[in-house]
1. Can you list the residues, at least 5 places off or on another chain, whose amide H is less than 5 Å from the amide H of TRP47, using H built in the peptide plane?
2. Restricting to segment 1-103, what percent of DSSP beta bridges are antiparallel, rounded to 5?
3. Which of SER13, SER66, SER79 moves the most in a Gaussian network model of the chain with Cα springs under 10 Å?
4. Starting from the amide H of VAL101, placed 1.01 Å from N in the peptide plane, find each other amide H under 5 Å away whose residue is 5 or more places distant or on another chain.
5. Let a ≥ b ≥ c be the square roots of the eigenvalues of the Cα gyration tensor of segment 46-93; is it rounded (a/c under 1.5), or, if not, prolate (a/b larger than b/c) or oblate?
6. Compute the distance from the alpha-carbon center of segment 85-125 to that of segment 6-43, in whole Å.
7. How far, in degrees from 0 to 90, does helix 50-59 lean away from the longest principal axis of the Cα atoms of the chain, to the nearest 10?
8. Treating each Cα of segment 18-121 as an identical point scatterer and ignoring solvent, apply the Debye formula and state log10 I(q)/I(0) at q = 0.13, 0.19, 0.22, 0.25 Å⁻¹.
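What follows draws every value from the coordinates through simple rules; no lab data is involved. Just so we're clear, the structure is a prediction, and the values are computed from it rather than from any experiment. Here the Cβ is made from the backbone with ideal geometry for all residues, glycine too, and neighbour counts use every protein chain on show.
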Amino acid sequence: MTTRSTRLTAAESALDPGVAARLKRDADGLVCAVVQSRAGEVLMVGWMDDEALHRTLTTGRGTYWSRSRQEYWVKGGTSGHVQHVHEVRLDCDGDAVLVVVDQEGPACHTGTRTCFDTDVLLAGD
């Protein structure tokens, strides 16, 4: 696996320069990746640097930067709960991407379909 010490910089990534120029990264070089099913259900949130986004776009598999493990990870690589990427959209500010997927199995590391199904802080009528 790739670690932060060998993580590719934006300049080293093969990400299209036009896309890279539009990204507004945080201090760690990351953008928020909101992952949604094709039916519109929000499944999870991950983090991408330029290389993770490039890998996602070229392989069609959800690829993220793990802030806790300090390495790239492909969703489903160990669990088998694969994300087949259908569409990737950049938000209007360039500080987040929407990754629309066909999710095989649970998206959440806890084994649930979505990471957003346990704590409802406000529910409308």
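1. ALA33, TRP65
2. 75 percent
3. SER79
4. Long-range HN contacts for VAL101: GLN36, SER37, ARG38, HIS86.
5. oblate
6. Measuring centre to centre over Cα atoms gives 15 Å.
7. Taking Cα atoms only, the helix is inclined about 70 degrees.
8. Treating every Cα as an identical point scatterer, log10 I(q)/I(0) equals -0.43, -0.93, -1.22, -1.50.
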